[in-house]
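Right, one structure below, let's go through it.
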């Protein structure tokens, strides 16, 4: 049985609609007697036609607009990248010119040069830097796993800080760059015969120039750096944070230390340009150049006292006490001696130097019992003495 032919009704609809529109238009034209109404109809007719055409072509127009917009966006991004590159080049040029302008006159003294190149701003915040040194990267297989965990802990506990581990080659390049205007410092650094002496000197050099925290690689942080400053002390009042290394209670302290009470230098926080950092850099420079002049750079570096007096905690302690007793610089009116810090249990602010008890940066591995002067809130780091300079150093050979 043959199938009935299906009527294509769509074709008839599209044919009937124009006819109906024409009939309605003619009817409205014939029935109206008002010329104004007729004129209004004729005027609105193009609008109705244009709206119909607009709706039919809207998709094509949208695509065209989007295409133009994307093209414009790409051009703007390209121009922005070019401008950023231009600004970066100009910034480097300007920074170089500023560095050149800060070059001190040749006739200036060592301390005058350091003061001019590295100005001290007491109201500035502590820069968010953590500096450490090691002969190679923490990713190197030679890196001790324990030391690796310590240095990574510094970064993990201080996520807002820039944490830099500077190797020996980078240290030398950085010192030559930062102290290009003070050639005496560069000469002294290059003359130091031991990597341990250079590491000691670098901690002072980087804190004077850039500020922040220096921590020996064998220190294990227990609390974030911002926790160090007590709530009752405003950060702007502080320019330097240190801890006590040794507070001797025995009369034979001279067999192990240079001073009755010594400040540690394995963890230091400083603002750039601080007078104590400037003076320690000047002192180490002078001592080193004198050793070079006298021809005794190869002195007995196995002797702890020699290291302490040259770049270590001995000379560091002397510089700090000298600063305390210099009213012009520290603003401290009374005489400051080791007794001011003997049996220290809480932080003490002297001038703009905040001094912490011995346990703050050398916290015991097993905390003492309550009631024995133990204050865990002040335990900020442990010093493990794993890279102690008490080991025999490698002395540089003559070329």
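Put a dot 7 Å past the Cα of residue 253, heading toward its Cβ, do the same for residue 136, and the two dots end up 4.1 nm apart. Sorted ascending by nearby beta carbons within 10 Å, beginning with the fewest, 131, 253 become 253, 131. Quick check: from the Cα gyration tensor, does segment 109-383 come out rounded (a/c under 1.5), prolate or oblate? Rounded, since a/c falls under 1.5. Ranked by the mean number of other Cβ atoms within 10 Å per residue, highest first, peptides 191-198, 313-320, 225-232, 289-296 order as 313-320, 191-198, 225-232, 289-296. Sorting 308, 299, 143, 277 from the fewest to the most surrounding beta carbons within 10 angstrom yields 299, 143, 308, 277. Among 328, 175, 213, the order by Cβ neighbours within 10 angstrom, fewest to most, reads 328, 175, 213. When you restrict to C-alpha pairs under 8 Å that are six or more residues apart and normalise by the size of segment 109-383, the relative contact order lands at 23 percent.
Classification of segment 98-213 by its C-alpha gyration tensor yields an oblate form. The axis ratio a/c (a ≥ b ≥ c) is 1.5 or more, and b/c is at least a/b.
Within segment 109-383, antiparallel bridges make up roughly 60 percent of the DSSP beta bridges whose residues both belong there.
Using a simple spin-label model with pseudo-atoms 7 Å out from Cα toward Cβ, residue 180 and residue 326 lie 2.8 nm apart.
Determine the gain in length on full extension of the stretch residue 124-residue 334; use 0.36 nm per residue of separation and subtract their C-alpha separation, reporting nm with one decimal.
Between residue 124 and residue 334, full extension yields an extra 73.0 nm.
Fully extending the segment from residue 227 to residue 144 would add 27.1 nm, taking 0.36 nm per residue of separation and subtracting the current Cα-Cα distance. With contacts taken as Cα pairs under 8 Å and at least 6 residues apart, segment 190-323 reaches a relative contact order of 34 percent. The modelled label-to-label distance for the pair residue 64/residue 109, using points 7 Å beyond Cα in the direction of Cβ, is 8.0 nm.
Read the figures in this text as sums done on the coordinates, not as results from a lab. Remember, predicted model here, so these are calculated numbers, not experimental data. Cβ coordinates were reconstructed from backbone atoms using ideal geometry, including for glycine residues, and neighbour counts include every protein chain displayed.
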